Amino acid sequence: MKPLETTQTYFEHAADVLKLPASARIALWTPFREIRVELVLVRDSGELETFIAYRVQHDHSRGPMKGGMRFHPTVNIHEVRSLATLMTLKTAVMDLPFGGAKGGIACDPRSLSQRELEQLTRKLVDGLQEVIGPYVDIPAPDVNTNAQVMAWMMDQYSKYNGFTPAVVTGKPVGLHGSLGREASTGRGLVLGLQELLGKFGRGLTGQRLAIQGFGNVGSHAADVAHKLGARIVGVSDEWGAVVNPAGLDVDALRRHAGPRVPVAEFAGGTAIPRDDLLALDCDVLLPCALGDAITPDNMRQIRAPIVAEGANGPVSAEADAFLTAKGTVILPDIYANAGGVTCSYFEWAQNIQQFRWTEEEVNARLAEKMRAAFADLWATHIDLKLDLRTAAYVLALRRITEATRQRGNL
């Protein structure tokens, strides 16, 4: 099942619970606007190459649209539609004053020089500058994009509109970014997991965590969880995995890991094939890489009783149904990895106010939002006797439907 179909399956299930009529489902599912942009780049060799970029602006009933911008060879309109819809749901679950959007360029950034990457980013802004803005659509980092890319985007947009730091989030701290933003998705994931474990009378101390993906989300999740007493028994990246039942030295592993430096070469554990990480004997599995990591092909291998989704859409609909029926507790992406968009909201608010918060304030506010959102999620789960994913979708759809109705659009 493709990511868009997976998201629609979850959407329809929640709509059934809410007994939404067909007309409302169509209105809430259909994207507000979709943009396709051709980007022509002069390569360092002097040759011309064309790249295709997309931005899907899904819903703005609750506020300006918000979502990442990814640079990856697999970017396509179907994936971006799915991710934009997830952003609408995610901001609603967290009760943020935003809607949802997503975008990306179909490219391999590893094949681009720094100059080419900058020029491609600026051309992207040239193509989108009329339909993004601090009160319209606010991009952020995503797969293979970072603070530097956001700085280029802000600078290019400001050439058209004057000083406008709030047009993107995830910027460098020295260029109107927010303290705490870089670690926020991984931190939020661990905070959400902590809330879930508390419902089972457990804390993080001594819990065995396996983390698929050791990029921004996975590495920060490992760091935060380790500091809170969890034992990180395995991590993987695109090349392989490393395990240690006694617990990996997370600080040393983070120093070791980097671009094109496989975690499997880390001396503090045993190397195993990448995909074997998902089958590891552990208390919590955190898929923090790309979507569709757990599918019918490997769902029977999952041994962890809890799966906390650090990536967007890492569990396919078929695998979700299988694991839920088996009794696996899945902390869904639209809550579990919402720490990033929550801190993006904090950055946006700081930019609008032109006032900086301390890192302690940012982290405290993030913890408060994750606690409050989990309380709403758990209440929906208990009251309606739903699994956590369906409860999250129901919670989000209720809020989006209410806002849309209040605007007079339903």
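The values are calculated or read from the model by the stated rules, or taken from the named source; none is laboratory data. From a predicted model like this one, the values you see are computed outputs, not experimental measurements. Here the Cβ is made from the backbone with ideal geometry for all residues, glycine too, and neighbour counts use every protein chain on show. Protein only, heavy atoms only, side chains kept; ligands, DNA and RNA dropped before computing areas. Shrake-Rupley method; radii C 1.70, N 1.55, O 1.52, S 1.80 Å.
Estimated translational diffusion coefficient (Stokes-Einstein, Kirkwood radius over Cα pairs, 37 °C, 0.692 mPa s) of region 221-337: 226 µm² per second.
How far, in nm, would the chain grow between Asp281 and Lys199 when pulled straight, counting 0.36 nm per residue and subtracting the alpha carbon separation?
Result: 27.3 nm gained on full extension.
Largest first, the residues Phe51, Phe32, Phe355, Phe322 sort by 1.4 Å accessible area into Phe355, Phe32, Phe322, Phe51. By a 1.4 Å probe calculation restricted to protein chains, Ser23 has an accessible surface near 80 Å², given to the nearest 10.
For Lys369, the aspartates and glutamates whose Cα falls under 20 Å of its own Cα, not counting residues fewer than eight places away in the same chain, are Asp95, Glu182, Glu195, Glu309, Asp333, Glu347, Glu359, Glu360, Glu361. In a DSSP loop and with at most 11 other Cβ atoms within 10 Å, the trypsin sites (Lys or Arg not before Pro) in region 336-410 are Lys385, Arg407.
Based on Cα contacts under 8 Å between residues 6+ apart, the chain shows a relative contact order of 17 percent.
Applying 1/(1 + (r/R0)^6) with r as the Cβ-Cβ distance of Ser111 and Glu34 and R0 = 30 angstrom yields a FRET efficiency of 0.65. The label-point distance for Phe355 and Ala246, in a model that sets each label 7 Å from Cα toward Cβ, rounds to 5.1 nm.
Loop-located trypsin sites (Lys or Arg not before Pro) across region 1-51 with a Cβ neighbour count of 16 or fewer within 10 Å are Lys19, Arg43, with loop assigned by DSSP. Counting only DSSP beta bridges whose two residues both lie in region 5-129, roughly 75 percent are antiparallel.
Note on log10 I(q)/I(0) by the Debye sum over Cα atoms at q = 0.10 Å⁻¹: of the candidates (1) -0.79; (2) -0.86; (3) -0.64, the value calculated from this structure sits at (3).
What shape does region 62-175 take by its C-alpha gyration tensor, where a ≥ b ≥ c are the square roots of the eigenvalues and a/c under 1.5 counts as rounded, a/b above b/c as prolate, and the rest as oblate? Oblate, because a/c is 1.5 or more while a/b does not exceed b/c.
Ranking Pro31, Gln353, Pro262 by how far each Cα lies toward the positive end of the dipole of the chain (charges on Cβ) leaves Gln353 at the top.
Of all alpha-carbon pairs in region 274-365, indicate the percentage at a distance above 14 angstrom. So the portion of pairs separated by more than 14 Å is 68 percent. Per-residue ellipticity at 222 nm computed for the chain from its helices equals -14000 deg cm²/dmol, with DSSP H segments shorter than 4 residues left out and the rest contributing -39,500 (n - 2.57). Of the accessible area of region 59-169, computed with a 1.4 Å probe over protein heavy atoms only, carbon and sulfur atoms account for 48 percent. Bridges between two residues of region 188-262, per DSSP, are antiparallel at a rate of about 45%. Based on protein heavy atoms only, region 85-182 ends up with 34 Å² per residue of surface accessible to a 1.4 Å probe. Once all protein chains are placed together, Glu195 keeps about 60 Å² accessible to a 1.4 angstrom probe. Which of rounded, prolate or oblate describes region 270-312 when judged by the alpha-carbon gyration tensor and an a/c cut-off of 1.5? It is rounded, given that a/c, with a ≥ b ≥ c, falls under 1.5.
Given the peptides 249-261, 125-137, arrange them by the average over their residues of other C-beta atoms within 10 Å, most packed first.
Ranked from most to least packed, the peptides come out as 125-137, 249-261.
Placing a pseudo-label 7 Å from each Cα along the Cα-to-Cβ vector at Glu318 and Asn161 gives an inter-label distance of 4.3 nm. Among Val42, Val56, the sequence by solvent-accessible area, most first, with a 1.4 Å probe is Val42, Val56. Taking all Cα pairs closer than 8 Å and separated by 6 or more residues, the relative contact order of region 127-274 comes to 15 percent. On the beta carbon distance between Trp239 and Arg43, with R0 = 35 Å, the FRET formula returns roughly 0.80. A simple packing score, the average count of other Cβ atoms within 10 Å per residue, orders the peptides 152-162, 299-309 as 299-309, 152-162, with the highest score first. Taking the alpha carbon gyration tensor of region 1-151, multiplying each eigenvalue by 5 and rooting it gives semi-axes of 31, 16, 12 Å, largest first. Taken as Cα centroids, region 138-155 and region 286-359 sit 21 Å apart, rounded to the nearest whole angstrom. Counting only protein chain heavy atoms and rolling a 1.4 Å probe, the accessible areas of Asp387, Asp275, Asp59 rank, largest first, as Asp275, Asp387, Asp59. From the square roots a ≥ b ≥ c of the eigenvalues of the alpha-carbon gyration tensor of region 323-410, which class results: rounded (a/c under 1.5), prolate (a/b over b/c), or oblate? In terms of gyration-tensor shape, oblate.
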